[in-house]
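One structure below.
Where a number appears in this text, it was derived from the coordinates with a stated rule and is not lab data. These figures come from a predicted structure and were not determined experimentally. Glycine gets a Cβ as well: all are built from the backbone with ideal geometry, and neighbour counts include every protein chain shown.
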Ligand code: 4AD
Ligand code: MG
């Protein structure tokens with residue numbers, strides 16, 4: 001049964017004039033009582049297949065003729081080079097078998113017109129039918145680009161000898177503030193779903209020094225924006241003997257490496273969704289400027305945006321700020337009052353912390369958040385107390401400083417956000433198979 005031939009390879013010219021057995025799903029079907037033109041698709045592409053009654057026999061022909069869209073079939077035949085056929089090849093079928101029929105009472109619900117009405121996967125209907133929407137060409141394209149982004153992240157860190165490291169998802173304390181914590185009942189106690197791997201990675205600094213992960217993080221985000229999920233994929237890194245600037249160098253190199261990989265591996269996919277490849281080449285090749293938070297606030301105020309010094313930048317503000325960026329920009333030195341306790345206070349001015357966000361252009365905004373950590377025992381105790389955070393859930397974190405603390409830092413990159421930005425998606429939901437937000441946990 002194992003599949004030997006892939007439509008993508010056939011269309012690439014690997015099997016010209018040769019007999020192949022293609023396994024896939026019917027994307028379109030038309031024809032007469034003697035000849036059928038089937039557009040067959042598999043995960044690698046589509047090809048037109050010509051099925052003649054004379055060639056396959058009456059019984060098989062009837063089955064194919066009565067087959068509806070999305071029925072799965074095995075078609076065997078000779079690959080013909082044909083300039084006029086889409087993709088340049090056509091299969092002249094000699095035998096046909098329907099494997100998984102689609103019954104006439106239950107035709108495939110996602111039609112061309114439903115797709116056009118949705119224009120990118122946004123309607124409730126398509127979200128309700130997500131399990132079926134997965135097989136449409138736009139979604140499979142997004143999932144392939146997504147896979148390349150994950151691969152690029154693993155390669156970047158592994159090439160630099162970082163250790164992949166795993167933290168628990170059930171945790172006792174917040175990382176990124178209490179307002180987005182998911183509470184979970186836990187044998188009569190209350191625990192939370194993790195917002196970030198970071199604190200547990202910091203505990204391993206003296207053990208492994210260079211760490212990364214790609215794992216889900218959870219945020220009880222009530223706001224439904226084009227860039228927020230309640231469960232998202234988080235690529236995080238942590239490195240010892242490093243400061244804010246060193247961490248930014250990694251962030252820049254990683255994002256540029258992702259852009260480069262996507263261009264190399266997914267050029268055709270990006271073209272098929274009308275993505276401008278020059279933009280991605282620019283993101284891969286250009287350095288990313290660094291500006292201070294204060295400058296960004298002044299720019300926004302100059303644009304008439306209502307923002308006060310000390311506020312974190314929300315999506316509406318980042319959108320305006322990044323509209324005219326030609327490449328991603330780092331924003332550094334946020335006010336201490338805008339950030340969680342773990343950020344290290346700037347020794348040169350204690351109003352600020354040594355942190356950074358990387359903001360993607362084209363209005364996408366924050367894709368990375370990171371910085372230097374408060375690494376001395378004295379400073380971390382002072383920061384925890386100053387923020388009014390209880391010490392108890394963080395005792396393990398404090399211990400890391402008590403026993404040989406070292407300067408270190410790291411960042412978190414929202415993988416879904418990066419895929420959304422690089423593919424030019426309108427909404428983060430378009431790039432994850434089963435999106436979770438405040439209103440939807442099904443299918
Ligand atoms: O800026 P955040 O909250 O930073 C942290 O969690 C740090 N502990 C990371 C670290 O230093 N190890 O989240 C990091 C990134 C954001 O820049 C964003 O790209 C993504 O995670 N992110 C989300 N992506 C999708 N949906 C959400 N609700 C997200 N919240 C954060
Ligand atoms: Mg952030």
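Numerical summary
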item: Every residue from segment 367-401 that is free of Cβ contacts under 8 Å to residues at least 60 places away in the same chain and assigned to a strand (DSSP E or B); result: 369
item: Filter result for residue 166 (more than 16 Å from ligand 2 (Cβ to nearest atom), closer than 27 Å to residue 401 by Cβ and surrounded by fewer than 16 Cβ atoms within 10 Å (Cβ to Cβ)); result: yes
item: Residues located in segment 201-225, provided they are touching a helix residue (DSSP H, G or I) at 6+ places or on another chain (Cβ under 7 Å) and within 16 Å of ligand 2 (Cβ to nearest atom); result: 219, 220, 221, 225
item: Meets criteria (within 16 Å of ligand 2 (Cβ to nearest atom) and either under 13 Å from residue 237 (Cβ atoms) or surrounded by fewer than 20 Cβ atoms within 10 Å (Cβ to Cβ) (or both)) for residue 177; result: yes
item: Some residue of segment 314-327 being away from ligand 2 (no atom under 12 Å from the Cβ) and assigned to a strand (DSSP E or B); result: no
item: Among residues of segment 399-409, those that are touching a helix residue (DSSP H, G or I) at 6+ places or on another chain (Cβ under 6 Å) and either within 30 Å of residue 277 (Cβ to Cβ) or buried (at least 19 other Cβ atoms within 10 Å of the Cβ) (or both), counted; result: 4
item: Qualifying positions in segment 180-191 - surrounded by 15 or more Cβ atoms within 10 Å (Cβ to Cβ) and either more than 18 Å from residue 221 (Cα to Cα) or within 16 Å of ligand 2 (Cβ to nearest atom) (or both); result: 180, 181
item: Criterion (touching a residue at least 24 places away in the same chain (Cβ under 8 Å) and closer than 27 Å to residue 259 by Cα) met by exactly one of 78, 74, 153; result: 153
item: Output for segment 40-60, where each listed residue is assigned to a helix (DSSP H, G or I) and either within 40 Å of the chain's Cα centre (by Cα) or under 27 Å from residue 9 (Cβ atoms) (or both); result: 55, 56, 60
item: Subset tally (residues that are within 14 Å of ligand 1 (Cβ to nearest atom) and out of contact with any strand residue (DSSP E or B) (no Cβ under 8 Å at 6 or more places or on another chain)) for segment 201-219; result: 1
